[in-house]
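I have placed the structure first, in the form of structure tokens, so that the comments after it can refer back to it.
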Amino acid sequence: MAGVYLSYPFCAQKCTFCNFASGVASDDVQRHYERMLLREIEHHDWKWLPETIYWGGGTPSLMPLDEFADAMRAIPAAHIKEATLECAPGSVTADRAQAWRPAGINRVSLGVQSFVEAETRRTGRKHSAEIVERELNMLANAGISNINIDLIAGLPGQTLESWQTSLDWVERLAPPHVSVYMFEIDEDSRLGREALLGKIRYGANALPPDDTVAEFYECAVERLKSAGLPRYEISNFARPGFESLHNLKYWTLEPYIGFGVDAHSFDGSLRWSNIDSAEEYIARLENHLNPGAGESFSDCEEEHFFVGLRLAAGIEPTEHEWSRFKDPIERSLASGLLVQDAKRLRLTNRGFLLSNEVFQEFVYAPAI
Ligand code: SF4
């Protein structure tokens, strides 16, 4: 069964670490976008009924409630099991929480990133741990207790002690799902660019070194496991039964359709995406033009490895895959990054930390 992804690319501020196609926009642009997003959904020819919905962006929790409910109503709801809304702390109110549940939302992903105020302030965020706690209570009162909390390991000024403080808060709030991302220095975030240029804005000179970030990650793996949330994917931890049904579709190569700016789609063989500019997206939809940015056929065998191996359960390669990827499999087994259990392959603990090295092995293996 397939999934639906919707992008609402607007935020109250642009966080320094963020490398998504998101940002601040005028009310006028936002209202136009909401109308065109609805138009794109309404013009979709539903060949299958979705099982999951995921609102990302951006900060979709800032979307006006009527427009949000209209967009939800435009999606066939008969088979929906999970409908997730990404929220930024500070954007949850009792009224909004009470409206999201009847609109169909049954899961919230809260982009906390850190419970330590000195760390969040530096990234442009304004929340405190107490605000997060209060907002989780509002969501629970509205009947939404299936919660994910996002954390980032490797923020400027983060220490093992402050990281433990964030993990203490996670234990105290006891969400059934936690995502831990390691901050990656790249051109796409303001903080990443600053660090690459050797400058100091946004605390770029206070970024913890790679081996310290790896230590934070391993500490989280241990503590979350002890708290009953084992790792089921490189960055994701859940109480059994609370794994993200929507995100599992990405890792098991199930189809999904995306609507909105920079939304990606996959039908089992073809991948395509929408343009990443909100203004151009609006202009195209207003002129009844396709918002697509391009498409490509996927090599599903290759993707089976570099997407499927992200899962702790690993993958069971087909006979053809065993022979096509014989050399990279043998190299990864010999280097101790992969382990084989009967017909399955999965990452070792070291492999989880060096997963990009493993995936790289499989990307350029020639088809036979
Ligand atoms: S991290 Fe979230 S809230 Fe911050 S700019 Fe990116 S999408 Fe917006």
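The set of residues from the stretch 158-190 being hydrophobic (A, V, I, L, M, F, W, C), within 19 Å of the chain's Cα centre (by Cα) and within 21 Å of Gly203 (Cα to Cα) comprises Val180, Met182, Phe183, Ile185. For residues in the stretch 1-20 being near the ligand (Cβ under 9 Å from one of its atoms) and over 18 Å from Ile152 (Cα atoms), which is surrounded by the fewest Cβ atoms within 10 Å (Cβ to Cβ)? Ranking the candidates gives Ala12 first.
Residues in the stretch 49-74 that are assigned to a helix (DSSP H, G or I) and of a type outside the set (Phe, Trp, Tyr): Pro60, Ser61, Leu62, Leu65, Asp66, Glu67, Ala69, Asp70, Ala71, Met72, Arg73. The set of residues from the stretch 128-169 being surrounded by 15 or more Cβ atoms within 10 Å (Cβ to Cβ), among the hydrophobic types (A, V, I, L, M, F, W, C) and closer than 19 Å to Asp210 by Cβ comprises Leu151, Ile152, Ala153, Leu155, Trp163. The residue that is surrounded by the most Cβ atoms within 10 Å (Cβ to Cβ), counting only those in the stretch 235-251 that are touching a strand residue (DSSP E or B) at 6+ places or on another chain (Cβ under 8 Å) and part of a loop (DSSP other than H, G, I, E, B), is Ser244.
When Arg125 is tested against (1) among the basic types (Lys, Arg); (2) surrounded by fewer than 22 Cβ atoms within 10 Å (Cβ to Cβ); (3) in a loop (DSSP other than H, G, I, E, B), exactly one condition is not met: (2). Residue count for the stretch 316-362 under the criterion of being under 24 Å from Ala214 (Cα atoms) and not in a strand (DSSP E or B): the result is 22. Of Ala293, Ala313, all but one fail to be surrounded by fewer than 19 Cβ atoms within 10 Å (Cβ to Cβ), among the aliphatic types (A, V, I, L, M) and assigned to a loop (DSSP other than H, G, I, E, B); the exception is Ala313. If only residues of the stretch 75-100 that are surrounded by 16 or more Cβ atoms within 10 Å (Cβ to Cβ), assigned to a loop (DSSP other than H, G, I, E, B) and without any contact (Cβ under 8 Å) to a residue 60 or more places away in the chain are counted, the one that is nearest to the ligand (Cβ to nearest atom) is Pro89.
Scan the stretch 125-182 for residues that are out of contact with any strand residue (DSSP E or B) (no Cβ under 9 Å at 6 or more places or on another chain), among the aliphatic types (A, V, I, L, M) and more than 21 Å from Phe242 (Cβ to Cβ) and jot them down. Residues satisfying the conditions are Ile131, Leu160.
None of the figures in this text is laboratory data; all of them are computed from the coordinates on show. As the structure is a computational prediction, the values presented were derived from the model and not from experiment. Every residue, glycine among them, receives a Cβ derived from its backbone with ideal geometry; neighbour counts consider all protein chains shown.
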